[in-house]
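Chemist: Just dropping this structure here.
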Amino acid sequence: MTREQSRAQTRERLLDAARAVFARSGFHGASVEEIASEAGFSTGALYSNFEGKEDLFLVLMDREIEEHAREIARAVKEQATISGRAAGGARRWMKMIEREPQTLLLFMEFWAYGVRDAAIRPKVAERFAHTRRVLTSLIADGVRDFDLELAIPAEQLAVAIDALADGIARQKLADPQAVPDELMGRVLAALLSAVTRPAGTGTRSEP
């Protein structure tokens, strides 16, 4: 194993440990000592790879967001209609809420922490902006693939869909019985139907 490979392996072990510790203790409750111990390293190894707990969490967010984005994109692109893509992406999101509730809670916790700190806020905002860019790209793909037009810019529609997903997640985590698994897909399909139309027709499309 080269030095670079060994360093990459150490970083991955630290990130895996951080994910477990943050999920168990929360962002504020976790310590660098606990994370390093979980990974089987000293705190020196952690600080040689990351600036500290905050930097470690931001890198972990990057990794988690990338994985979630790829998962959602695959679920969307497997479908053959706009409504199918809405339902496919929504189903995958609902499964992720059920499968990884602690990860979503951590993102919410760090969002609340970040927006209160002017120095951290741009870093947190950039992570959420990445998610919106992924959604914008998926929307643009759908518009192109099905020869549609949008009533509002794709970037603004991505903001609305991201907000819908976050809101559904909060409601589902707080009161699972109040949020049927199919609700997000239905609402998203209705939203897309309202803001799309066949290109050049000026009339609303049917999903």
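The values are calculated or read from the model by the stated rules, or taken from the named source; none is laboratory data. Keep in mind the model is a prediction, meaning the values are calculated, not measured. Reconstructed Cβ throughout: ideal geometry from the backbone, glycine too, with neighbour counts over all protein chains shown. Ligands, DNA and RNA are excluded from the accessible area calculation, which covers all protein heavy atoms including side chains. Shrake-Rupley method; radii C 1.70, N 1.55, O 1.52, S 1.80 Å.
Chemist: Quick check on the chain: helices-only [θ] at 222 nm, where DSSP H runs of length 4 and up contribute -39,500 (n - 2.57) each and the sum goes over total residues. Nearest 500, please. Walk me through the intermediate numbers first.
Modeler: Working: 9 runs with 159 residues, N = 207.
Value at 222 nm, helices only: -26000 deg cm²/dmol.
Chemist: Leaving out ligands and nucleic acids, note down the accessible area per residue over the range 1-83 with a 1.4 angstrom probe, in whole Å². Each step should come with its number before you reach the end.
Modeler: On the way: 4360 Å² over 83 residues.
On a per-residue basis, the range 1-83 sits at 53 Å².
Chemist: Still on this structure: To test your reading of the geometry: what angle, between 0 and 90 degrees and rounded to tens, separates the Cα axis of helix 82-99 from the longest principal axis of the chain?
Modeler: Helix 82-99 sits at roughly 30 degrees to that axis.
Chemist: What is the Cα coordinate range of the range 1-87 on the first, second and third principal axes, sorted by size from largest, in whole angstrom?
Modeler: If we take the Cα atoms of the range 1-87, the spans are 52, 35, 18 Å.
Chemist: Here is a further query. Only Cα pairs under 8 Å and at least 6 apart count here; give the relative contact order of the chain as a rounded whole percent. Before the final figure, lay out each step's value.
Modeler: Values: 187 pairs, mean separation 40.1, N = 207.
Contact order relative to length: 19 percent.
Chemist: Over the range 47-98, what number does the Rg to Rh ratio reach, with both radii from the alpha-carbon atoms and Rh per Kirkwood? Please report the intermediate quantities before stating the final value.
Modeler: Working: Rg = 15.3 Å, Rh = 12.5 Å.
A ratio of 1.22.
Chemist: Return the single residue from Arg197, Arg24, Arg132 with maximal mean-square fluctuation; model: Gaussian network over the chain, springs between Cα atoms under 10 Å.
Modeler: Maximum among the listed residues: Arg24.
Chemist: Carbon and sulfur together cover what percent of the accessible area of the chain at a 1.4 Å probe radius?
Modeler: Details: 5780 of 11040 Å².
Whole-percent figure for carbon plus sulfur exposure: 52.
Chemist: Let me ask something else. Taking the chain, how much of its Cα-Cα pair set, in percent, is spaced more than 32 angstrom apart?
Modeler: Details: 5867 of 21321 pairs.
Value for the chain: 28 percent of Cα pairs lie more than 32 Å apart.
Chemist: What Kirkwood hydrodynamic radius, in Å, does the range 20-143 give when the mean of 1/r is taken over all pairs of distinct Cα atoms and then inverted? Don't skip to the end; give the middle numbers.
Modeler: Working: mean 1/r = 0.0622 Å⁻¹.
Roughly 16.1 Å, rounded to one decimal.
Chemist: Does anyone have the angle between helix 183-195 and the longest principal axis of the chain? Alpha-carbon axes, 0 to 90°, nearest 10?
Modeler: With rounding to tens, the tilt is 50 degrees.
Chemist: Against the longest alpha carbon principal axis of the chain, how many degrees, from 0 to 90 and to the nearest 10, is the axis of helix 121-145 turned?
Modeler: Tilt of helix 121-145: around 30 degrees.
Chemist: Among the GluC sites (Glu not before Pro) in the range 1-99, which ones are in a DSSP loop with at most 14 other Cβ atoms within 10 Å of the Cβ? Mind listing them? Write down the numbers at each step before the final one.
Modeler: Details: sites: Glu4, Glu12, Glu33, Glu34, Glu38, Glu51, Glu54, Glu64, Glu66, Glu67, Glu71, Glu78, Glu98; in loops: Glu51, Glu78.
Filter output for the range 1-99: Glu51, Glu78.
Chemist: Let me ask another. Hey, for a label at Ser137 modelled as a point 7 Å past Cα toward Cβ, could you say which residues of the range 57-96 have their backbone N under 16 Å away?
Modeler: 62-78
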